[in-house]
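Just below is one structure, and these are the notes that go with it.
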Amino acid sequence: MLYHPDKHRDPELKRQAEQLFNLVHQAYEVLRDPQSRAIYDVYGKRGLEVEGWEVVERKRTPAEIREEYERLQREREERRLQQRTNPKGTISVGIDATDLFDAYEEDYEEISGGGGGGGGLPHVEINRMHISQSIEAPLTTSDTAILSGSLSTHNGNGGGNINLLPSAVFYATVGPLVFYLAIQRLVIRPYVRAQQEQEIEKQRESSASDIAKKKQEAEAAVLLMQESVRRIIEAEESRMGLIILNAWYGKFVTDNSRKHERARVIDVTVPLQCLVKDSKLILTEASKAGLPGFYDPCVGEEKSLKMLYQFRGVMHQVLCGDTEALRIPKQSHRIDNDS
């Protein structure tokens, strides 16, 4: 109701309300669907974006959804690993079937008819084998290490010993496999970790635009809350109820040498007052960055909520972690007159 466009006459507020109302509608579409809600309850918004969810059967339990999600994650990780290592292998076999194709038709008739001839089946043998395998391990964006192994056996014209085959299979498959495991531990895994760290750093850099968008949405929400907050404050003051005097969210720094980091705290007094109902404020165990009028001012860093509030004419103060549940007022938050 707060974001409904029809509740606002000012054209700019109406435009901002429409944008926020669309976000609320998207959330509603997720939460009204039992399957989507179960996915969201287990893995949040990220779970809704995982490739492959369209094949999940409906009416699954959260446990089944968790199992399916983890399976899809493993498959996606395997595909990524395949793309990174690009393993290739070939096996070629040379077969000498001269005796089969060099015989006359009457020879076949004797064989198939079993008529007293002593010919028997045509002689077919493997006289050549080549097995090769290669694995690529990206070192940088422009350099790639390639590990390969191959083995060939050739028995000459129609002769040879087929017992060489087990050795060929061993040295051409098990050998490269051992090398692959070694390079997986020494090269690929460190490289993947480095890539992941780079991706995290890129996310932090790219989050600047996302933060700007979230900040704009939060500021718009605060503007839309003003009238509701005014009515809430009047009602709370009439019964000496809960008044949020000051509230700050983000990373708090007490070290004087790092005062510049204080800019990573945002004022959330209005959004919290808007959540007060019947002289109570209840926040669940979730990141407070997702609350209306909030945004994350310091992505990837530890955040807290600091609040100064008044209840029954007495000052109270509380500091809680980002994902901690909070319920106010509480007597333990009272500020003594001597302090």
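The values are calculated or read from the model by the stated rules, or taken from the named source; none is laboratory data. Because the structure is predicted, anything quoted here is derived from the model rather than measured. Positions of Cβ are generated from backbone atoms using ideal geometry, with glycine treated the same way; all protein chains shown enter the neighbour counts. Note: accessible area is taken over every heavy atom of the protein model, side chains too, but ligands, DNA and RNA are not part of it. Shrake-Rupley method; radii C 1.70, N 1.55, O 1.52, S 1.80 Å.
Here are some residues: Ala27, Ala17. Which one is modelled with pLDDT of 80 or more, assigned to a helix (DSSP H, G or I) and under 30 Å from Glu70 (Cβ atoms)?
Ala27
Could you look through segment 281-308, keep only residues that are more than 18 Å from Val222 (Cβ to Cβ) and touching a helix residue (DSSP H, G or I) at 6+ places or on another chain (Cβ under 8 Å), and pick out the one that is surrounded by the fewest Cβ atoms within 10 Å (Cβ to Cβ)?
Restricting to residues being more than 18 Å from Val222 (Cβ to Cβ) and touching a helix residue (DSSP H, G or I) at 6+ places or on another chain (Cβ under 8 Å), the top hit is Gly300.
Please state which of the following conditions Arg231 fails to meet, knowing it meets all the rest: (1) at pLDDT 90 or above; (2) over 26 Å from Glu12 (Cα atoms).
Going through the list (1) at pLDDT 90 or above; (2) over 26 Å from Glu12 (Cα atoms), Arg231 breaks only (2).
Within segment 48-68, take every residue that is open to solvent by less than 100 Å² (accessible area, probe 1.4 Å) and farther than 15 Å from Val30 by Cβ and give me the one that is modelled with the lowest pLDDT.
Val55
Of these, Asp322, Asp278, Asp336, which one is under 20 Å from Ala218 (Cβ atoms) and open to solvent by 20 Å² or more (accessible area, probe 1.4 Å)?
Just a single option satisfies the conditions, and that option is Asp322.
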